[in-house]
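Inspection log for the structure reproduced underneath, given as structure tokens.
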Amino acid sequence: MPGANIGVDLGTTSVVIYVQGKGIVLNEPTAAAYLEKSGKVLAVGRKAFTMVGRAPSSIKVVLPMKDGTVADFTVTLNIVRTYLQRICGNMVFKPNVVICLPSGVTNLEKRTILDLAISSRAGKACLIDEPLASALGAGIDISRPNGTMVVDIGGGTTDVAVLTMGSISISRSVKLAGNALDEAIIRYFSRERALIVGEKTAEKVKRKIGCSFMREPEIAISVKGKNYITGMPTRVEVNSTEIYLAIRERLENICDTIISVLESTPPELSADIADNGIVLTGGGALLSGLDRLIESKTGIKTYVADEPLLCVAKGIGKVMNNRKFLERSGYMFKTAEEIKGYSD
């Protein structure tokens, strides 16, 4: 099959690209900045993300992915096209692209992502479920008749899946992940501290002192924002207990989703999961103590995969090196003509 084989983890918050034979070559925010009047794209990726909350009115900064799906097709197309052009340069043959998507998306959303890949100048495009790729990237052998549970916590969605024999036995995807935790922190500051902060500040707070249990001892940081009442710039000190209380409900909801999938899992696979444990992947897995929280709620050993942020992209790389896996699991590359009639 002519052309380079490229895997794209098109996430709500970041795009990670894997090139067969080279490994991961790009890891950038899913963001684009363009002129409001002309629509001319000024920047994509990290450069555009630095403009969030700081751009003048003439420049619009867009995060075009919402809850794991394409919310703004044109902006997402510009981002993916720019990255593919950067990687492929002046290659004679168009690349073959594998894109991940959350489990349980609709046929329309699948068609949209396939159209996006082909419109980005891919020769052929293929979709693969995120939990499968993340499990492979975490180093799990999912080919055997043995149940494994993977919880992929990204920016927009949390995917919980039970895998066996190279396929998904049962799965559930909820629009509740890292961004929802950021929103909970923003609301907490507004409601309890009369402080208005942006998404980037909330994410920074989550990374520095966010936790799934009350820390002993507490840690605190200084947070800058705008006073809700006076509108003036101000600074407050916030501790880890406050942030835990702000995000606790969202964490409980994620645990409830995991428990509901376990309750629906066939008994033999449940027994396997009890032996194998639960694997956490995605950026949300880095939240302090999340593995302990899930283990306390389920009674099942839970651990965080190595490099959880890159598991999906590394999993795509393993898939591209095993075409038989794609064919056996029902994932096939499609051309533009074939995608026009896509209905699976």
Within segment 101-128, of all residues that are of a type in the set (S, T, N, Q) and without any contact (Cβ under 8 Å) to a residue 60 or more places away in the chain, the one nearest to Thr82 (Cα to Cα) is Ser120
Give me the pairs: first residue in segment 10-22 and under 12 Å from Leu84 (Cα atoms) and part of a loop (DSSP other than H, G, I, E, B), second residue modelled with pLDDT under 90 and open to solvent by less than 40 Å² (accessible area, probe 1.4 Å), beta-carbon distance under 9 Å, and six or more apart or on different chains, which are they?
none
If we keep only residues of segment 201-259 that are free of Cβ contacts under 8 Å to residues at least 24 places away in the same chain and touching an Asp or Glu at 6+ places or on another chain (Cβ under 6 Å), then the residue surrounded by the most Cβ atoms within 10 Å (Cβ to Cβ) is Ala202
Every pair of residues 6+ apart whose Cβ atoms lie under 8 Å, when the first sits in segment 141-152 and is at negative phi and in a loop (DSSP other than H, G, I, E, B) while the second is of a type outside the set (Asp, Glu) and open to solvent by 70 Å² or more (accessible area, probe 1.4 Å):
Ile142/Met165; Ser143/Met165; Arg144/Met165; Pro145/Met165
Of the conditions (1) touching a strand residue (DSSP E or B) at 6+ places or on another chain (Cβ under 7 Å); (2) over 25 Å from Ser134 (Cβ atoms), the single one that Gly53 does not satisfy is (1)
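So which residues in segment 41-66 are closer than 22 Å to Val105 by Cβ, open to solvent by 40 Å² or more (accessible area, probe 1.4 Å) and part of a loop (DSSP other than H, G, I, E, B)?
Taking segment 41-66 as the starting set, the residues that turn out to be closer than 22 Å to Val105 by Cβ are 62-66.
Going one step further and asking which of them are open to solvent by 40 Å² or more (accessible area, probe 1.4 Å), we end up with 63, 66.
Residue satisfying the conditions is Leu63 alone.
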From (1) of a type outside the set (A, V, I, L, M); (2) open to solvent by less than 10 Å² (accessible area, probe 1.4 Å); (3) within 22 Å of Ser173 (Cβ to Cβ); (4) more than 18 Å from the chain's Cα centre (by Cα), pick out the condition that doesn't hold for Pro131.
(4)
For segment 157-188, the count of residues that are assigned to a strand (DSSP E or B) and either of a type outside the set (Ser, Thr, Tyr) or open to solvent by 10 Å² or more (accessible area, probe 1.4 Å) (or both) equals 14
For Glu28, all conditions in the list (1) in contact with a Gly (Cβ under 6 Å, 6 or more places away or on another chain); (2) closer than 17 Å to Ile118 by Cα; (3) modelled with pLDDT of 90 or more hold save one; what is the number of the exception?
(2)
Would you mention how many residues in segment 232-253 are under 25 Å from the mean Cα position of the chain (by Cα) and over 13 Å from Leu176 (Cα atoms)?
5
Which of the residues belonging to segment 25-40 are open to solvent by 60 Å² or more (accessible area, probe 1.4 Å) and in contact with a helix residue (DSSP H, G or I) (Cβ under 9 Å, 6 or more places away or on another chain)?
Val25, Asn27
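From the list Ala117, Ala161, Ala122, pick out the single residue that is of a type in the set (A, V, I, L, M, F, W, C), closer than 27 Å to Glu252 by Cβ and in contact with a strand residue (DSSP E or B) (Cβ under 7 Å, 6 or more places away or on another chain).
Ala161
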Restricting to segment 165-204, name every residue that is under 16 Å from Ala133 (Cβ atoms) and among the β-branched types (Val, Ile, Thr).
Ile168
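With the structure loaded, tell me whether Leu195 is under 18 Å from the mean Cα position of the chain (by Cα) and either on the phi < 0 side of the Ramachandran plot or surrounded by fewer than 21 Cβ atoms within 10 Å (Cβ to Cβ) (or both) or whether it fails that test.
No: the conditions fail for Leu195.
Here's the yes/no breakdown for (1) of a type outside the set (Ser, Thr, Tyr); (2) under 26 Å from the mean Cα position of the chain (by Cα):
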site: Ser222; (1), (2): no, no
site: Asn227; (1), (2): yes, no
site: Thr230; (1), (2): no, no
site: Cys255; (1), (2): yes, yes
site: Leu262; (1), (2): yes, yes
site: Ile278; (1), (2): yes, yes
site: Thr281; (1), (2): no, yes
site: Lys297; (1), (2): yes, yes
Scanning segment 84-119 for residues that are in contact with a Ser or Thr (Cβ under 7 Å, 6 or more places away or on another chain) and not hydrophobic (A, V, I, L, M, F, W, C), which turns out surrounded by the most Cβ atoms within 10 Å (Cβ to Cβ)?
Pro102
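The values are calculated or read from the model by the stated rules, or taken from the named source; none is laboratory data. In this text, all values refer to a predicted model and were calculated from it rather than measured experimentally. When we count neighbours, we look across all protein chains shown, and the Cβ atoms used for this are built from the backbone with ideal geometry, even at glycine. Quick note on the areas: whole protein, heavy atoms, side chains included, nothing else; ligands and nucleic acids left out. Shrake-Rupley method; radii C 1.70, N 1.55, O 1.52, S 1.80 Å.
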